[in-house]
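The values are calculated or read from the model by the stated rules, or taken from the named source; none is laboratory data. Computed from a prediction, not measured in an experiment: that's the story for all the values here. Heads up, the Cβs are rebuilt from the backbone with ideal geometry, glycines too, and the neighbour counts pull from every protein chain shown.
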Amino acid sequence: MESISQDYILPWAINIGLALAIFVVGRWVVKLLIGLLTRILRKTKMDQMLINFVTSIAHAILLLFVVIAALGELGVDTTSLIALIGAAGLAIGLSLQDSLKNFAAGVMLIVFRPFREGDFVEAGGVSGIVEHITIFNSVMRTGDNREIIIPNGKIYNDSIINYSARETRRVDMVFGIGYGDDLLKAKQILMEILQQDERVLKDPAPLVNVASLGDSSVNFNVRPWVKSADYWAVLWDTTEKVKLEFDRQGISIPFPQMDVHLHSEQKAD
């Protein structure tokens with residue numbers, strides 16, 4: 001009995017004790033390293049979401065090494081275990097290709113920041129205000145208050161238009177007058193409307209010029225610069241003011257029309 005205890009029980013007890021010690025100390029070391037990594041990443045002013053993601057991945061990998069080391073102390077063939085984990089990871093990766101693509105795109109969006117939460121963007125075929133950016137998808141709110149969830153892979157592989165990236169925007173408008181109307185008077189009216197609007201910036205100066213001679217109208221390009229937040233309000237207000245002022249000043253806004261000429265033929269007797 002004493003021989004069995006010395007040959008089997010005692011070595012196993014020692015191995016189990018060492019394995020537990022490796023696991024406990026390893027977890028403590030992992031926690032210490034993750035805390036250090038978190039502090040380093042925060043000093044780089046990295047996004048908190050990306051910090052959480054990086055630290056969680058690092059924690060899982062380090063903890064896996066600790067578990068393998070503890071199992072090795074118990075006599076488990078860790079080489080086979082590592083091969084099994086690698087095969088399982090490959091199988092999972094192949095079955096989650098789309099999710100991994102969205103995950104990679106999410107990391108790129110968080111790192112490079114083509115847009116931020118609160119920006120009005122056009123991305124993935126959708127226009128709206130960005131509410132959340134997660135690892136796998138982004139949540140946007142449309143103008144009529146619908147919530148749309150878009151996979152990050154679709155966003156990153158398409159063009160992204162960020163309307164909030166710049167502090168100012170140019171409002172491009174086109175107004176037409178009749179060929180019989182006073183061109184210089186119409187141009188003066190358009191410029192006065194822009195100059196009287198406090199939201200229109202002085203620098204760059206607003207632009208009013210003749211753009212083209214259309215089939216039924218003389219068309220003006222009207223291009224004021226405004227703060228990005230005032231874009232839609234200035235667009236709608238200016239359009240209304242132009243119509244009202246043109247009506248008051250006797251300037252016509254022509255619409256497409258077609259002249260039809262009828263010819264009658266008389267049959268000879």
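Brief remarks on what is shown
- Screening the candidates Leu37, Leu81, Leu32, Leu62 for the property of being modelled with pLDDT under 80 and of a type outside the set (S, T, N, Q) yields one hit, Leu81.
- Any hit, the range 112-124, residues being more than 11 Å from the chain's Cα centre (by Cα) and at pLDDT 80 or above: no
- Any hit, the range 170-182, residues being surrounded by 13 or more Cβ atoms within 10 Å (Cβ to Cβ) and in contact with a Leu (Cβ under 6 Å, 6 or more places away or on another chain): yes
- Single residue of the range 218-252 satisfying the filter (among the basic types (Lys, Arg) and not in a helix (DSSP H, G or I)) that is nearest to Leu190 (Cα to Cα): Arg223
- Residues in the range 111-127 that are assigned to a strand (DSSP E or B) and either on the phi > 0 side of the Ramachandran plot or in contact (Cβ under 8 Å) with a residue 40 or more places away in the chain (or both): Phe120, Val121, Glu122.
- Among the conditions (1) in contact (Cβ under 8 Å) with a residue 60 or more places away in the chain; (2) part of a strand (DSSP E or B), the only one that Ser212 does not satisfy is (1).
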